[in-house]
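Below: the structure, in structure tokens.
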Amino acid sequence: MHLIFVMIGVLLYSSISRTIFDTPLLWVVEVSQFMMAAYYLLGGAYSMQLDSHVRMDLFYSNWSPKRKAGTDAFTSIFLVFYLVILLIGAISSTAYAIEYGQKNYSSWAPPLAPIKIIMTFGIFLMLLQAVATFFKDLAKARGETL
């Protein structure tokens with residue numbers, strides 16, 4: 001959660017460097033993009049754990065807790081499927097980046113392996129949390145307590 005402050009510092013440093021010292025920095029945009037990707041991918045599982053993600057609340061708020069849990073368990077199946085496919089692609093992409101020393105196509109040309117490792121780890125954590133949430137919702141839909 002504190003990574004956002006680091007990103008703000010990097011962007012502020014870039015702004016000061018460009019306006020006061022008249023020296024634009026090549027690396028700032030990519031570093032801030034990498035930080036933002038790490039921020040939301042690592043924060044996804046945490047927001048799911050806190051149940052603070054956004055829902056379409058048109059009908060959902062009027063349902064009973066058992067029906068909400070059943071609906072959440074059902075939709076979690078699709079989320080787990082999506083995350084498994086995403087994780088397979090992330091592992092493949094990370095292995096490629098490590099094996100061939102993949103770099104970004106820019107004038108700064110940073111290595112992509114570190115951010116791909118972080119992204120893969122974030123997707124894995126999200127998958128673990130989605131599976132845990134599925135079983136929690138399934139138990140609640142069946143009227144059981146954990």
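The values are calculated or read from the model by the stated rules, or taken from the named source; none is laboratory data. Worth saying up front: this structure is predicted, and the values here are computed from it rather than measured. Virtual Cβ from ideal backbone geometry, glycine too; neighbours counted across all protein chains shown.
Answer yes or no as to whether Met56 is within 14 Å of the chain's Cα centre (by Cα) and without any contact (Cβ under 8 Å) to a residue 60 or more places away in the chain.
Criteria not met by Met56.
So Phe124 passes all but one of these: (1) within 21 Å of the chain's Cα centre (by Cα); (2) surrounded by fewer than 14 Cβ atoms within 10 Å (Cβ to Cβ). Which condition number does it fail?
Among (1) within 21 Å of the chain's Cα centre (by Cα); (2) surrounded by fewer than 14 Cβ atoms within 10 Å (Cβ to Cβ), Phe124 violates only (2).
Take the conditions at pLDDT 95 or above, in a helix (DSSP H, G or I) and surrounded by fewer than 12 Cβ atoms within 10 Å (Cβ to Cβ) and apply them to Ile88. Does it pass?
yes
Of (1) exposed (fewer than 14 other Cβ atoms within 10 Å of the Cβ); (2) touching a residue at least 24 places away in the same chain (Cβ under 8 Å), Ile20 satisfies all except one. Which?
(2)
Residues checked against (1) under 25 Å from Leu3 (Cβ atoms); (2) of a type in the set (Phe, Trp, Tyr); (3) outside any loop (DSSP other than H, G, I, E, B):
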{"residue": "Met48", "(1), (2), (3)": "yes, no, yes"}
{"residue": "Thr75", "(1), (2), (3)": "no, no, yes"}
{"residue": "Phe81", "(1), (2), (3)": "no, yes, yes"}
{"residue": "Ser93", "(1), (2), (3)": "yes, no, yes"}
{"residue": "Gly122", "(1), (2), (3)": "yes, no, yes"}
{"residue": "Gln129", "(1), (2), (3)": "yes, no, yes"}
{"residue": "Leu138", "(1), (2), (3)": "no, no, yes"}
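Would you confirm whether any residue within segment 55-73 is surrounded by 15 or more Cβ atoms within 10 Å (Cβ to Cβ), out of contact with any Cys (no Cβ under 8 Å at 6 or more places or on another chain), within 20 Å of Phe34 (Cα to Cα) and among the hydrophobic types (A, V, I, L, M, F, W, C)?
No, segment 55-73 contains no residue that is surrounded by 15 or more Cβ atoms within 10 Å (Cβ to Cβ), out of contact with any Cys (no Cβ under 8 Å at 6 or more places or on another chain), within 20 Å of Phe34 (Cα to Cα) and among the hydrophobic types (A, V, I, L, M, F, W, C).
Check Trp108 against each of (1) assigned to a helix (DSSP H, G or I); (2) in contact (Cβ under 8 Å) with a residue 40 or more places away in the chain; (3) over 16 Å from Ala38 (Cβ atoms) and name the one condition it does not meet.
Going through the list (1) assigned to a helix (DSSP H, G or I); (2) in contact (Cβ under 8 Å) with a residue 40 or more places away in the chain; (3) over 16 Å from Ala38 (Cβ atoms), Trp108 breaks only (1).
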